[in-house]
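Below is one structure; the comments refer to it alone.
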Amino acid sequence: MHIERQASLKPYNSFGLPATASTLVRVASDANVRRVIDDPELGRQPKFVLGGGSNIVLTRDVEACVLKVEIKGRQLVEERDNAWIVEVGAGETWHDVVAWTLQQGWPGLENLALIPGTVGAAPVQNIGAYGIELKDRFESLDLVDFTTGRTVRLAAGACRFGYRDSVFKQDLAGKCVITRVRLRLPKPWQPALGYLDLERKMAETGISAPSAQQVFDWVCQIRRAKLPDPAVIGNAGSFFKNPVVTEEQCRDIIGRDPEIVHYPMPDGTVKLAAGWLIDACGWKGKSVGQAGVYEKQALVLVNRGGAIGAEVVTLARAIQESVYGRFGIRLEPEPVMV
Ligand code: EPU
């Protein structure tokens, strides 16, 4: 366990926003977390869990004790007739784990390639891309409860996964730290190719039965073409959730804007493409100070160099207002605002 005082968080958030943590503790095991909880000084402070920092917007310094999760480890823990169960430390880099499972011959995560962040953050927002969400590949996880100091195992039901949502963003926010995640990779492998961008790749290449490695390569190509690499341009992925409206609301909007990109959901609601709504309001390429709207994908806000959290927030509010003004839809931010 390693404790730093007045630590800069700029290197630890993918947006590259400046902020200081009064205390930052690197934890490499459940036992490390318990030491923090039992510590007479740190134990009393509220806790803030930091994974890869790829889904946060820092608008101020953090007074809470920041736990930087660096718990490692990857192993196959069980092989069943219908699945491989792989256990991974919360501090592992998500994309590296995706690549590793493929190399090991346990496909199933390829649609989730290149999502920034750590394994421990994946269940928090139920990461998803190209037709697959974490919940579709989830077995269970371990967490340390900040109140009791005990390690607890949670199955999928208790995690209450929703679209970019889980119990860790709601009732359990600030109350625990995820230390290990177990992934369930179904056997036999079946590709998930229903997403429009992947259908386009199949048509372009003439490959109708791609391998998992091929899907992985396509997903990497698609993401690189429209999403900025946080190592080069600071960002936190999609800044807003795609709003879900009733069929009636959608009909009304289509009546006014026939072009609107929308996807009917199995439960009768309709998901609208927030990127399209923002784009339609003319935001692509616009900026507030050094915070801007990415030129190739209006759903992503970027740091053009030296942005501060307040600029990101001002830009986000202006976008919300203009989308509300034109479409009557309230966009909800996707990253956690601090
Ligand atoms: N669109 C525009 N203009 C834009 C951006 C998008 O017209 O500036 C249109 C696109 O043409 C497309 C539609 O909006 O028809 C949807 O865009 P896209 O397929 O790029 O997906 P998305 O809705 O923008 C979501 C996820 C991404 C995920 C992709 C692929 C959310 C909030 N975002 O993006 O997740 O990678 O689908 O599955 O659900 C993330 O959460 O950080 C993230 C990147």
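The values are calculated or read from the model by the stated rules, or taken from the named source; none is laboratory data. Here the structure is a predicted model, which means the values were calculated and not measured. For neighbour counting, all protein chains shown are included, and Cβ atoms are generated from backbone atoms with ideal geometry for every residue, glycine included. Heads up: the accessible areas ignore ligands, DNA and RNA and are worked out on the full protein's heavy atoms, side chains in. Shrake-Rupley method; radii C 1.70, N 1.55, O 1.52, S 1.80 Å.
Okay, here's what the table says:
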item: Segment residue 336-residue 74, extension gain: residue separation times 0.36 nm, minus the distance between their alpha carbons; result: 91.6 nm
item: Rg and Dmax [Cα atoms of segment 66-208; Å; Rg one decimal, Dmax integer]; result: 15.7, 56
item: Equivalent-ellipsoid semi-axes of the chain, from the Cα gyration tensor, Å, largest first; result: 32, 27, 18
item: Projected area, mean over directions - segment 136-230, Cα convex hull, nm²; result: 8.3
item: Modelled FRET efficiency - R0 45 Å, residue 59 with residue 81, Cβ distances, 0.05 increments; result: 0.35
item: Cut-off 20 Å (backbone N to label point 7 Å along Cα→Cβ of residue 317), residues of segment 234-248; result: 239-241
item: Hull volume in cubic angstrom per residue (convex hull over the Cα atoms of segment 217-266); result: 131
item: Square roots of five times the Cα gyration tensor eigenvalues for segment 234-337, Å; result: 26, 13, 11
item: Computed lengthening from residue 39 to residue 4, 0.36 nm per intervening residue step minus Cα-Cα distance; result: 11.1 nm
item: Full-stretch length increase - residue 145, residue 232 - with 0.36 nm per residue and alpha-carbon distance subtracted; result: 27.7 nm
item: Cα centroid separation, segment 214-292 to segment 43-73 (Å); result: 28
item: For segment 74-186: accessible area per residue (Å², 1.4 Å); result: 37
item: Amide N proximity, segment 322-336 versus residue 252 label position 7 Å along Cα-to-Cβ, cut-off under 14 Å; result: 324-330
item: Rg and Dmax of segment 265-311, Cα atoms only, in Å; result: 13.5, 44
item: Order by protection proxy (mean Cβ within 10 Å, highest first), peptides 316-322, 45-51; result: 45-51, 316-322
item: Coarse-grained scattering of segment 2-69 at q = 0.19, 0.20, 0.27 Å⁻¹, given as base-10 log I(q)/I(0) from a Debye sum over alpha-carbon atoms; result: -0.68, -0.75, -1.24
item: Alpha-carbon centroid distance for the pair segment 77-126 / segment 150-204, whole angstrom; result: 10
item: Segment 1-140, Cα convex hull volume normalised per residue, Å³; result: 115
item: The chain - mean residue ellipticity at 222 nm from DSSP helices (-39,500 (n - 2.57) per run, n ≥ 4, rounded to 500); result: -7500 deg cm²/dmol
item: Solvent-accessible heavy-atom area per residue, rounded to whole Å², over segment 234-337 at 1.4 Å; result: 47
item: Set 68/175; 47/169; 72/201; 271/296; 241/296 screened for pairs whose C-alpha atoms are more than 23 Å apart; result: 72/201
item: With every protein chain in place, the chain: carbon and sulfur % of accessible area (1.4 Å); result: 49
